[in-house]
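What follows is one structure encoded as structure tokens, with my remarks underneath.
The values are calculated or read from the model by the stated rules, or taken from the named source; none is laboratory data. For clarity, every value in this text was computed on a predicted model and none was experimentally measured. Methodologically, a virtual Cβ is constructed for each residue, glycine included, from the backbone with ideal geometry; neighbour enumeration extends over all protein chains shown. Note: accessible area is taken over every heavy atom of the protein model, side chains too, but ligands, DNA and RNA are not part of it. Shrake-Rupley method; radii C 1.70, N 1.55, O 1.52, S 1.80 Å.
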Amino acid sequence: DIVMTQTPLSSPVTLGQPASISCRSSQSLVHGDGNTYLSWIQQRPGQPPRLLIYKISNRYSGVPDRFSGSGAGTDFTLKISRVEAEDVGVYYCMQAKQFPHTFGQGTKLEIK
Amino acid sequence: EVQLLESGGGLVQPGGSLRLSCAASGFTFGSYAMSWVRQAPGKGLEWVSIIYSGGSSTYYADSVKGRFTISRDNSRNTVYLQMDSLRAEDTAIYYCAKAPLRSGDCYCFDYWGQGTLVTVSS
């Protein structure tokens, strides 16, 4: 199975400041079709998960442009350019290169 | 508007069975794979199972293989999760998710339901 490791597990951030979450996979996420199936998911408190980013850097419909994804191979990053109060929650990376699909442990974003 | 509505959760004794349903609307259900993802209380997300659009291909996490069965009824726009031989560690919120997995798709979970709580306890 592909293991997804996120850092940090907790990230206190000041409103208006940037935030960054890293995700590392135990093997390359490059699929045989040439795509890299790494997505980022947000879960606000008491809410179901919500897709933010797919295929490393594609923002899903309705996602604010302060969210961006980058990376390649085994190392990926989610960045929030200016954190807002509504961004509080837990963020997960997920690989869909192969089954079982696996998630990172989650990074809790909180406001200082 | 895409909607996924899970049902069937509840309290069940260890060793018991439960069948979850996820009713979908707002998209061409028969064209998409559907997945179940669970979240134990206070824990992270765990992928459980997936079924491709035609229903012939299914995959499971090792933790549920041989005990859970995923199925779908494209005429009813519904995906199911039959859970047998339930254990305390299966206690979780179970979410169904739409999973575009065709060539050119996102290979992601682009819509999620609100979830249904399964509690396995005596």
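Which pairs turn up if I take residues in segment A:93-112 that are without any contact (Cβ under 8 Å) to a residue 24 or more places away in the chain and within 8 Å of another protein chain (Cβ to nearest Cβ) and look for partners that are polar (S, T, N, Q) and outside any loop (DSSP other than H, G, I, E, B) with beta carbon separation below 8 Å, at least 6 apart in sequence or on another chain? Partner pairs satisfying both residue conditions: A:His101/A:Gln95; A:His101/B:Ser35. For segment B:74-84, the tally of residues that are open to solvent by 40 Å² or more (accessible area, probe 1.4 Å) and more than 20 Å from B:Thr119 (Cβ to Cβ) stands at 4.
For segment A:21-40, taking the residues that are assigned to a strand (DSSP E or B) and in contact (Cβ under 8 Å) with a residue 60 or more places away in the chain, the one that is nearest to the other protein chains (Cβ to nearest Cβ) is identified as A:Thr36. Criterion applied to B:Val120, B:Val12 was being crowded, with 16+ Cβ neighbours inside 10 Å, over 24 Å from A:Ala96 (Cβ atoms), away from every other protein chain (no Cβ under 14 Å) and in contact with a helix residue (DSSP H, G or I) (Cβ under 8 Å, 6 or more places away or on another chain), and the one residue passing it is B:Val120. State whether the residues of segment A:61-68 include one that is outside any loop (DSSP other than H, G, I, E, B), in contact (Cβ under 8 Å) with a residue 40 or more places away in the chain and either more than 8 Å from chain B (Cβ to nearest Cβ) or closer than 20 Å to A:Thr36 by Cβ (or both). Taking every residue of segment A:61-68 in turn, none turns out to be outside any loop (DSSP other than H, G, I, E, B), in contact (Cβ under 8 Å) with a residue 40 or more places away in the chain and either more than 8 Å from chain B (Cβ to nearest Cβ) or closer than 20 Å to A:Thr36 by Cβ (or both). Taken as a whole, the structure places A:Ser57 among residues that are crowded, with 16+ Cβ neighbours inside 10 Å and more than 8 Å from every other protein chain (Cβ to nearest Cβ). Restrict the check to segment B:95-104 and report whether at least one residue is more than 12 Å from the chain's Cα centre (by Cα), at pLDDT 95 or above and assigned to a loop (DSSP other than H, G, I, E, B). Among the residues of segment B:95-104, not one is more than 12 Å from the chain's Cα centre (by Cα), at pLDDT 95 or above and assigned to a loop (DSSP other than H, G, I, E, B), which makes the answer no.
Checking the structure you have, find out if any residue of segment B:38-53 is more than 18 Å from B:Thr116 (Cβ to Cβ) and away from chain A (no Cβ under 12 Å). Looking for residues that are more than 18 Å from B:Thr116 (Cβ to Cβ) and away from chain A (no Cβ under 12 Å), one finds at least one in segment B:38-53, hence yes.
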